[in-house]
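Peer 1: Have a look at the structure that comes next, please.
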């Protein structure tokens, strides 16, 4: 596992916060896709590429 190079605890908190928010957003997208039965036809990556 790679170490995170940071100079302070606040900097580490910031580096951990961004992936945490991204994971929440990805979970939300996946749940919505399951609810609308889109995962049967698309992967999340394909959906994301075509969404723009």
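Peer 1: Taking just the alpha-carbon atoms of the chain, what radius of gyration and Dmax come out, in angstrom?
Peer 2: Taking only Cα atoms of the chain, I get Rg and Dmax of 15.6, 45 Å.
Peer 1: Angle between the Cα long axis of helix 9-35 and the longest principal axis of the chain, 0 to 90 degrees, nearest 10?
Peer 2: The answer is roughly 10 degrees.
Peer 1: Contour minus end-to-end for residue 18 and residue 45, with contour as 0.36 nm per residue of separation and end-to-end as the Cα-Cα distance?
Peer 2: Going from the current span to full extension adds 7.8 nm.
None of the figures in this text is laboratory data; all of them are computed from the coordinates on show. Not measured: the values here are computed from a predicted model.
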